[in-house]
Amino acid sequence: MLRQIWIVSALNFKSLPGRFWQSMVIVVGLAATIGVMLSMLSVSAGMREGYAKAGDPGRAIVISKGAEQEGQSAITRAMAPLIAVAPGIAKDTDGKPLADRTLNVGVPVLRADGSKGFTSMRGFSDKGPGVRPELKIVAGRMFQPGKREIIAGVGARIMFRHMQVGDKVILPDGQWPIVGIFSTGDQLEGQLIGDTETLLTTLHKTNYNSVLVRLSSLDSLTTLKRALTTNPALSVDVMRHSDWYARLADQQTFALALLGYIVGTVMAIGALFGCLNTLYSAVSTRGREIATLRALGYGAFPVAVSVILEAILLSVAGALIGAGIAWALYDGKLDLFGNTIFHLSVSPKQIELGVIWAIAVALLGGLLPSIRAARLPVVDALRAT
Amino acid sequence: MKYFPLVWAAIMRKPTRAVLTLLSVMLAFTLFGLTIGMNATFAKFKEDARDDRMFVFARFSGLVPVALERQIESMPGVEMVASSSGIGGYIKDPKNRVFVQMMDDKVAKVNPEYPITPAQWQMIRDDRMGMLVSKMQADRWHLKPGDTFVIASPMVKKLDGTMSWTFKVAAVTPDMNIFGQGYMFGNFDYMDKARTLSDQSKTGQFRVKVSDPTKTAEIAQQIEDKFANSATPLQTLTEKVAFDVTANTGMDIAAVDRDVALAGMFMVLFLTANSLAQAVRERFAEFATLKTIGFSDGGVIGLVFAEAAVPCLLGAGLGIGLATIISNIIPHFLPPGQGLPIPTMEVMVFVWAFLCAALVAFISAALPALRLRQMDIATALSGR
Amino acid sequence: MSAAISLRNVVKAYKRGKESVPVLHGLSLEIPAGQFVSLMGPSGSGKTTILNLVGGLDHANSGEVIVGGEHLETLSGGQLTKWRAGHVGFIFQFYNLMPMLSAAGNVELPLLLTSLSKSERARRVEIALEIVGLKDRASHKPGEMSGGQQQRVGIARAIVADPPLLLCDEPTGDLDRATADEILSLLQQLNRQHKKTILMVTHDPKAADHASRQMETDKGQLFERALVSA
C-alpha cells in the first residue's frame, strides 16, 4: 500500500511542472495568507515576547488590591516596610530584603517622527538594581540616589527624540539630565528610570505604585502571598512577575491578535477555494494518467492520497514563502504601539503555526478532489480525448 | 445584453470552477471591505475632530484639581473648560467591562455636537445617579430607561469603602461614531462626592474649547508652560491629534490595512487570471469558430473580458456585502474600550472595490485576449 | 442567392518555424454560382487551404480570390471578418458547437452579430432548425444529441444568416454511413432547393459522389475528377 502511494504520488509530482501555473495558484494563495497573517501577528507576538522577557518568574510584584496596572496601584509609605519584612523574600548581600519600592508614571515624550507620545517613567529605590540584575548600563552611568538624574533605555534612545546622555527631561521642578543609557533585554528598554524618593517629591506624590521583590525561591511565592494577604494592615495582591506581565500582555494584545486571526481566516478561506479549484482541475488533467494506473491495478486510495500530498506540498511551500517574506520584512524591527516599545516578532513558533494552517487548508481543500480522483470512471477516462 | 447568454454559458461550462472562483473573489473583497472600511472609519474620526478643542490632563499621571478649570478659563483665547472623569469597571462579572464617563455641567456646551438633547442632559443633573446610555450599550446589557444597575469598580476609592456604584438609566441616547461600542455618561458630582476625601474635587481630564481655531496649538503650549513648575504639571492633546489613530499609537494602521487589502487582491488576481487563461485555452477551437462565424477580434476579446468581469464584479459586490454584515456583528463581541474601530462601508469603499474588481478582470483577461487576437483561425480549427 | 468563386493564380506557402512550405503554386479555379463541388486529395495537398482562402480565413501570398464579386485579397483582417458574417457558412468535421448552449442557442450565434430583434432572431432560428429537421430538439444541448444531430445543428447554424456560400470541411468524417448519407442529402437539398453554392472537402469518395462536380488536388494542382449530372 505504502509503495503504491509512493509510486502514484511520485508520478503525480513528475507531472506537476505541466500544471505549473495552476499549482502556483495554491502557492501564491497560501503565501499571501500566511505572509499577511504573520506580518500582522508580528505586532502582538512581539509585544507578548517583550512582556514575557520582562516578567521574571523569580520575582513577585505587590500591588494594591484590585489594581490591574501599576499606575492604578498605590502602596503607602506605611505599607512598604511591612511588605519588605514578609517571609519568602530573598536577602541581598547586606542582609536586607530584596524588595524595591517602585514608581510608574506616564511621561510625555517626542517620538522620532516628531509626534507626541508617552512612555513610562519608573522609580527605582535602593534595591532596584538588585531586584533587576539584568539591568546593565551601556553608556554613561547609573543615576545617584537622591539626585535629580534619569537613565533612559536603549529602545527609548532609538524611538524618541532627546534621549541621549546629556539631554534633559522636563519635570515639575526643572530639567533632569539623562546621565546614562541602560539595557535590560526586555520591555523596560523603552522607558526611563529615576530615583523613587526624589521623583515622589518632585511629582508631589506620596504613594509608591508597587513593591517588586525577588523571591527566595520559586516556591516561596505561596508563603509570601499568604503572609501579605492575611495581614490586616495591608490590602494588597501578590502576583508572580511573569504572571503579572502575562496578564498585561493578554489585555493589550487581545484586539490586535484578534484582528490578525480574523484577517488570516478570511484569506485562508479564500485560498482554500483557490486550492479546491486547482486540485479539481489537476484531477481532471490527470484523468488519463489516473485511469491508466487504475487499469493497471493501482488502488483508489493511493490515488486519493496523491492528491492530498500534492495539496500539502504546494500549500506548505506557499506558507513557507509567505512566512519567509514576513520574517525578512519584519522580524526584529523595533516598533512602537502606544507607550510600549517592542521588537516585531516572526518567531519559529509562528512559522510553525503558519505551516499548520497551510496543512489544514490543504487537507480541507484536497479532500473533495481526492475523492473525485478515487472515483474516476476508468473506462470513460481512458477513452476521452 | 444579447450576448449575455453566451458569456453566462461560457462561465458555467464548469460550474464548480465558476462557484469556487466566485467564492474566493468574494472573500478577498470581504477582507478588502473590512480593511478599507476601517480606514474610512479612521478618516471619519479625523474629520469629526474639531480643531478648536483639546484635552488637558496630568503630565505625570494622576488626577488634576478641578479648581484649575477657572485658571485655564482665565487665559486669553480660552472660551470654556469642562471636566470629565472616567470610571472603568464591570457589571456583575469582570468579563462584562464597561466604561462610564462622568461629565460636569459644562461638557454639554463644550461638546454641543453630542446627540444628547438639553432635556436629557438635564435628567442627569436632576437625578445625580442618572445615566445616559447609548443604544449599543443599552442593547448589550439589556438596559432600558428606569432600570437600576450596579457597576463594580475596584480602582476608584470610595468614601464608604465599597467598590460599587449604583446608576439609574435616565434615557437611551443615539450612538456616536467616535465611541464605536457605545458610551455611558454620568454626573460628575455623583462621582466626586462619593470618592475618598483626598480624591475629591479632582478630575481625570479637562475639555478645553478655544475661541480661535488657528490658535489651538499655541494655547495648548501656553497651558503646558503655565503649569510646568506647579504642583500639577499639565499635558495637552488637541482633538485633531487625539482622534488621529496613527499619531496616537505611533503605528500607521492605515498603511497596514492597505497592504492587507492589496495582498488579498493579488491573491485574487492570480486565481482569476489563471482560471481564465485555462478556460480560454480549453475553448480555443470555440473561439476560432466564433471568428469564422464573423465575430470580430474586438467582439471575441469583449467576450473574454466579460467572462472575467462577471465573477469579479459579482464577487466584489457580495464581498462588500459580507463585510458589512461582519462589521455589524463584531462590536457585540468586543469589550468596550478595546479600541478596535468598526469598519464603515461608505460609498467610497464600494467605489474602490469595484474599481479594483474591474482592474483585476482587465489584467486577468489581458493575456488570453492577446492570444486570441494573434490566433490563426485556420491553425486553431485544424488543431482539433 | 448564389455566389461565384474565382481563384486566379493563387500562391500560398505556410511558415513552419523558419521554413516556408509552399502548398499552392499559382492555382486557378472557377466555380459558377449554385454549383455543389467536392474536393478530394491527400493530406497536405492544399484542399483545406483552398477552403480557408475562399472563406476569407486566410490570405494568399499572391493571386486573386474573388467570391461573389468581392476581391478578398484586397480586404484587411477586420474587413474579412465582417464579410464572412453574411456571406459564408462553415460546417466542420467535429461540429464545433458550444457545449453549454442549446441547439437554438448555437444556431442563433451568427444572428447576434446583426441588428435583428430578439423575436426576429428566434423566427429565423426556428426556420433553420426546421430545414435541417431538428425543430423538436431546439432546447437540447449538444451533449444530449447523436453525431448526426449535432452536425445538423452545425448546418442550421451555417445557414441561419442565409449566406450564398457554404464551405464544408469533412462534414461526414465523424459519422457512420447511414447518418453520413442523411447529411449529404441535406446538403444536396440546400444546393438544389435553396440555390446555395457548396464547396466540400472530403476524404470519402462516396461523399464526393453527392456533389455535382468533383475535383482533386495533388501537389498543389487541381484536376477535374468527373462531371456528374445532378
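The values are calculated or read from the model by the stated rules, or taken from the named source; none is laboratory data. These figures come from a predicted structure and were not determined experimentally. Backbone-built Cβ (ideal geometry, glycine too); neighbour counts: all protein chains shown. Accessible surface is based on the protein model in full, side chains and every heavy atom, while ligands, DNA and RNA are left aside. Shrake-Rupley method; radii C 1.70, N 1.55, O 1.52, S 1.80 Å.
Kindly indicate whether residue C:97 is aliphatic (A, V, I, L, M), open to solvent by 30 Å² or more (accessible area, probe 1.4 Å) and more than 7 Å from chain B (Cβ to nearest Cβ). When the stated conditions are applied, residue C:97 does not pass them.
Is it the case that some residue within region B:334-352 is away from chain C (no Cβ under 14 Å), within 27 Å of residue A:323 (Cα to Cα), in contact (Cβ under 8 Å) with a residue 60 or more places away in the chain and among the aliphatic types (A, V, I, L, M)? The answer is yes; a qualifying residue exists. For the residues B:257, B:160, the requirement of being part of a helix (DSSP H, G or I) and farther than 24 Å from residue A:106 by Cβ singles out B:257.
The number of residues in region A:115-154 that are within 12 Å of chain B (Cβ to nearest Cβ) and over 27 Å from the mean Cα position of the chain (by Cα) comes to 0. Filtering A:106, A:88, A:66 for residues that are at pLDDT below 85 and open to solvent by 10 Å² or more (accessible area, probe 1.4 Å) leaves a single hit, A:66.
All of A:364, A:334, A:376 fail the test of being surrounded by 15 or more Cβ atoms within 10 Å (Cβ to Cβ), within 30 Å of residue B:242 (Cβ to Cβ) and in contact (Cβ under 8 Å) with a residue 60 or more places away in the chain, apart from A:334.
Residues that are in contact (Cβ under 8 Å) with a residue 24 or more places away in the chain and among the hydroxyl-bearing types (Ser, Thr, Tyr) were ranked within region C:100-118; the one that is most open to solvent (accessible area, probe 1.4 Å) is C:114. Of the residues in region B:347-368, none is open to solvent by less than 50 Å² (accessible area, probe 1.4 Å) and at pLDDT below 85. Which condition from (1) more than 12 Å from every other protein chain (Cβ to nearest Cβ); (2) open to solvent by 20 Å² or more (accessible area, probe 1.4 Å) is the one that residue A:12 breaks? Only one criterion is unmet by residue A:12, namely (2).
A single entry from A:199, A:192 fulfils the requirement of being touching a residue at least 12 places away in the same chain (Cβ under 8 Å), in contact with a Gly (Cβ under 6 Å, 6 or more places away or on another chain) and among the aliphatic types (A, V, I, L, M): A:199.
Condition test on residue A:278, is it farther than 30 Å from residue A:361 by Cα, at pLDDT 85 or above and of a type in the set (Val, Ile, Thr)?
It is false that residue A:278 is farther than 30 Å from residue A:361 by Cα, at pLDDT 85 or above and of a type in the set (Val, Ile, Thr).
Among the residues of region B:223-279, those identified as among the aromatic types (Phe, Trp, Tyr) and open to solvent by 30 Å² or more (accessible area, probe 1.4 Å) are B:243, B:266, B:270. Of all residues in region A:310-343, those satisfying the criterion of being charged (D, E, K, R) and assigned to a loop (DSSP other than H, G, I, E, B) are A:331, A:333. Checking each residue in region B:216-248 for being closer than 14 Å to residue B:46 by Cβ and assigned to a helix (DSSP H, G or I) picks out B:239, B:240, B:241, B:242, B:245, B:246, B:247, B:248.
The residues on offer are A:266, A:307, A:283, and the sole one that is within 27 Å of residue B:272 (Cα to Cα), more than 14 Å from every other protein chain (Cβ to nearest Cβ) and not acidic (Asp, Glu) is A:307. In the set (1) surrounded by fewer than 22 Cβ atoms within 10 Å (Cβ to Cβ); (2) farther than 30 Å from residue B:151 by Cβ; (3) more than 9 Å from chain A (Cβ to nearest Cβ), the condition left unmet by residue B:19 is number (3). Taking the condition under 30 Å from residue A:231 (Cα atoms) and either surrounded by fewer than 19 Cβ atoms within 10 Å (Cβ to Cβ) or within 14 Å of another protein chain (Cβ to nearest Cβ) (or both), does residue A:81 pass? In short, yes. If you check residue A:249 against the conditions, is it at pLDDT 90 or above, touching a helix residue (DSSP H, G or I) at 6+ places or on another chain (Cβ under 6 Å) and either among the polar types (S, T, N, Q) or in a helix (DSSP H, G or I) (or both)? Answer is no for this residue. Going through C:21, C:54, C:65 one at a time, which residue ends up being of a type in the set (Val, Ile, Thr) and more than 23 Å from residue B:291 (Cβ to Cβ)? Selected residue: C:21, the only one of C:21, C:54, C:65 that is of a type in the set (Val, Ile, Thr) and more than 23 Å from residue B:291 (Cβ to Cβ). Beta carbons closer than 7 Å, at least 6 apart along the sequence or on distinct chains, pair a first residue in region A:209-220 that is in a strand (DSSP E or B) with a second that is open to solvent by less than 10 Å² (accessible area, probe 1.4 Å) and among the acidic types (Asp, Glu) for A:211/A:100; A:212/A:100.
Remark: residue A:238 falls outside the filter, which requires a residue to be at pLDDT below 90 and either more than 10 Å from every other protein chain (Cβ to nearest Cβ) or open to solvent by less than 30 Å² (accessible area, probe 1.4 Å) (or both). Out of the residues in region C:157-208 that are surrounded by fewer than 18 Cβ atoms within 10 Å (Cβ to Cβ) and among the hydroxyl-bearing types (Ser, Thr, Tyr), state the one that is farthest from residue C:81 (Cα to Cα). Among those residues, the one meeting the criterion is C:179. When region A:19-34 is limited to residues that are open to solvent by 10 Å² or more (accessible area, probe 1.4 Å) and farther than 13 Å from residue A:278 by Cα, the one that is nearest to the other protein chains (Cβ to nearest Cβ) turns out to be A:32.
Checked against (1) within 12 Å of another protein chain (Cβ to nearest Cβ); (2) open to solvent by less than 60 Å² (accessible area, probe 1.4 Å); (3) of a type in the set (Gly, Ala, Ser), residue C:44 meets all criteria but (2). Considering only residues in region B:369-384 that are closer than 19 Å to residue C:96 by Cβ and assigned to a helix (DSSP H, G or I), the one that is most open to solvent (accessible area, probe 1.4 Å) turns out to be B:371. For region C:57-90, filtering for residues that are more than 9 Å from chain B (Cβ to nearest Cβ), crowded, with 18+ Cβ neighbours inside 10 Å and in a loop (DSSP other than H, G, I, E, B) leaves 2. If the condition is being touching a residue at least 12 places away in the same chain (Cβ under 8 Å) and either within 16 Å of the chain's Cα centre (by Cα) or over 18 Å from residue B:267 (Cβ atoms) (or both), then region A:310-328 contributes A:310, A:312, A:313, A:323, A:326, A:327.
In summary, residue B:252 fulfils each of the numbered conditions (1) at pLDDT 85 or above; (2) farther than 22 Å from residue B:74 by Cβ; (3) not hydrophobic (A, V, I, L, M, F, W, C) with the single exception of condition (1). Does residue A:73 satisfy the condition of being closer than 19 Å to residue A:221 by Cα, crowded, with 17+ Cβ neighbours inside 10 Å and within 11 Å of another protein chain (Cβ to nearest Cβ)? Judged against the criteria, residue A:73 is not a match.
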